[in-house]
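In what follows, a structure is listed as structure tokens, so that the remarks can point back to it.
Since every read-out is calculated from the coordinates, none of them should be taken as a lab result. From a predicted model like this one, the values you see are computed outputs, not experimental measurements. Neighbour counts run over all protein chains shown; Cβ positions are idealised from the backbone, glycine included.
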Amino acid sequence: MGTLLERRNIPPWMKVPKDLKDPEVFQVQTRLLEAMFGRDGCQITYIEQVSKAMLELKALESPDFTEVVVYSSYIFELRAKWILQSMAEWHCQRQERRMLKLEKAMNALELSPWMK
């Protein structure tokens, strides 16, 4: 997702420092994050507003995965994680449908035996 920026501002719905104490941390494939948030992460603010959480993305040694840190109260952390998992699953299914469509198109282009 390009360069990851450090968090400079804390959203108004966060209860500092209480909500910053015990974040939810998980890893997501970088390509899925790019699909969900865009290359520059322009959709992150929207997801934060909907989930009432603060998201922080941290690059890992492996460029294939990115660490997602979710700060908020416990219930909103679960909600944000569920939203992100649902979005990731939707993007994976969408990609599978595209691959199946491509496979069908490739099969349709194959020459019939009498044309060989």
- Sorted by average packing, counted as other Cβ atoms within 10 angstrom per residue and highest first, what order do 45-53, 95-103, 18-26 take? 45-53, 18-26, 95-103
- Item | Under-16-angstrom lysine pairs by C-alpha in the chain, whenever the two are 8 or more apart or on separate chains | 5
- Message: For the stretch 18-110, what does the relative contact order come out to in percent, with C-alpha contacts under 8 Å and a separation of six or more?
- Response: 32
- Task: Would you mind ranking Arg31, Arg94 so that the residue whose beta carbon has the fewest other beta carbons within 10 Å leads the list?
- Result: Arg94, Arg31
